[in-house]
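Working notes, structure below.
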Amino acid sequence: QQIRTKCRGNEYQPNNRKRKRTHGWIKRISTPAGIEVILRRMLKGRKSLSH
């Protein structure tokens, strides 16, 4: 039987280097949109602002 759709659910493959480089503090602060993300999380009262 043919499989027409790809199996889902295995998208998250943990990798600390990629996590820090993509969602880390340095990456957030380096772009205007990233700063907005940090400010939004501050306003919401998040304990952790980024990775």
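The values are calculated or read from the model by the stated rules, or taken from the named source; none is laboratory data. Note that the structure is predicted; figures quoted are calculated from it, not measured. A quick note on method: Cβ atoms are made from the backbone with ideal geometry, for glycine too, and the neighbour counts reach across all protein chains shown.
Worth a mention:
- For the chain, the set of residues classified as touching a residue at least 12 places away in the same chain (Cβ under 8 Å) and part of a loop (DSSP other than H, G, I, E, B) consists of G24, L49, S50, H51, listed by residue number.
- Evaluating I3 against the criteria (1) touching a helix residue (DSSP H, G or I) at 6+ places or on another chain (Cβ under 8 Å); (2) at pLDDT below 95 leaves one unmet condition, (1).
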